[in-house]
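Encoded as structure tokens, the structure appears first; notes follow it.
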Amino acid sequence: MLPAPFEYHAPKTMEEALGLLDELGEDAKVLAGGQSLIPLLKLRFASPAHLVDINKIEDLDFLEERDGTLRIGPLFRHKSAERSSLLASRYHVMADAAPQIADPIIRNRGTIAGSVVHADPSGDWGTVLLALDAELVLRSKSGSRTVKARDFFSGPFSTSIQATEILSEIRIPAARPQTGGAYLKLERKVGDFATVAVAVHLQMDDGKVGSAGIGLTAVGPQNIKAERAEAALRGARLDDATIKQAAALAAEAAEPRADHRGSIEYKRNVVRVFTERGLKRAYERARGGG
Ligand SMILES: Cc1cc2nc3c(=O)[nH]c(=O)nc-3n(C[C@H](O)[C@H](O)[C@H](O)COP(=O)(O)OP(=O)(O)OC[C@H]3O[C@@H](n4cnc5c(N)ncnc54)[C@H](O)[C@@H]3O)c2cc1C
């Protein structure tokens, strides 16, 4: 099917883009990599009267560590995450997730920011950002506000972003020494969305867990932050009993539905097993292992 007719805008500056969104409101959609939006238009699940393409705006494709924060721009693409040596060395959960997203063609165009705003409960980046305790900077013509990733998602394909706003930056606390992470994803075949996936981010402090982040993909109406599991880890030594307890709490936080990919019990069990494995892998990496 062809998309319904729309007017195409290609602003050259952020101010121009925000002005257009302010003027057009709900009639407009931002176009980033187009890897979720274009299929929706073709299926006519969405028919905005205007598309505001942000790809012509300079300086939106960035990844940098500055002032204790990792900053990610709105046009930073999956493939750049996959190839980043910074992410490979210090943000393992992101480096693990990137090559598991879709296929190389989609990774060439799709952006982390677009994935997060799309808010597919089976999307991988939202979960990763929940584990990393990220913040999202939402800019509009009248200013900007910062929202925690945990407060951003509100249900399947829904978030707190307004039609007049652009996700202009993703902010993640810079990785300290003794930080490790992992992303484990079960998919039916390479390039598929997750049946279940688990993101783990650990910061060790003097042999104990300083902070822990655990996110769950495809086991609820939105990406889930397993906060009780995280709390059980904080301040604890990472022995087998602690790992098992956290994994059980993560499985409890999951709200899977039975479908052709598996039963509720099966998916919960995958969450439990992946959380155990993810914690062990993250701990190894925090101690300098692969
Ligand atoms: C076959 C297939 C397989 C896929 N597999 C996976 C997978 O395994 N895992 C996974 O996580 N994803 C998967 N995806 C989704 C893919 O990763 C998309 O790239 C991603 O969801 C959207 O990013 P985008 O830049 O293409 O956004 P777009 O498609 O351009 O936009 C998506 C939505 O976000 C809005 N938007 C985009 N950027 C901004 C911004 N900066 N500010 C405000 N609003 C914005 C748009 O208006 C739109 O509503 C798959 C997609 C396909 C087609």
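Below is a table of values for the structure above.
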quantity	calculated
Filtered residue count, the stretch 21-41, keeping only those that are over 15 Å from V117 (Cβ atoms) and buried (at least 17 other Cβ atoms within 10 Å of the Cβ)	2
Subset of the stretch 180-202 [assigned to a strand (DSSP E or B) and over 11 Å from Y283 (Cβ atoms)]	Y183, L184, K185, L186, V196, A197, V198, A199, H201
Residue match in the stretch 60-71 (condition: among the hydrophobic types (A, V, I, L, M, F, W, C) and touching a helix residue (DSSP H, G or I) at 6+ places or on another chain (Cβ under 6 Å))	no
Residue selected from the stretch 49-78 under the condition assigned to a strand (DSSP E or B) and among the acidic types (D, E), by the criterion nearest to the ligand (Cβ to nearest atom)	D53
Filter result for the condition that a residue is closer than 30 Å to Y283 by Cα and assigned to a loop (DSSP other than H, G, I, E, B), over A102, A98, A46, A81	A102
Residue in the stretch 93-108 that is basic (K, R) and in contact (Cβ under 8 Å) with a residue 40 or more places away in the chain present	no
Every pair of residues 6+ apart whose Cβ atoms lie under 6 Å, when the first sits in the stretch 111-140 and is in the same structural domain as F76 (by TED's automatic domain parsing) and under 14 Å from Y183 (Cβ atoms) while the second is part of a strand (DSSP E or B) and hydroxyl-bearing (S, T, Y)	D124/T217; T127/T217
Filter result for D133 (among the charged types (D, E, K, R), within 16 Å of the chain's Cα centre (by Cα) and on the phi > 0 side of the Ramachandran plot)	yes
Answer residue from the stretch 44-68, given it is small (G, A, S) and modelled with pLDDT under 95 and is farthest from R90 (Cα to Cα) among those	S47
Residue, farthest from the ligand (Cβ to nearest atom), within the stretch 21-43, restricted to residues that are part of a helix (DSSP H, G or I) and free of Cβ contacts under 8 Å to residues at least 24 places away in the same chain	E23
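The values are calculated or read from the model by the stated rules, or taken from the named source; none is laboratory data. The structure presented is a predicted model; accordingly, all values stated were derived computationally and were not measured. Note that each Cβ is placed from the backbone with ideal geometry, even for glycine, and that neighbours are counted across all protein chains shown.
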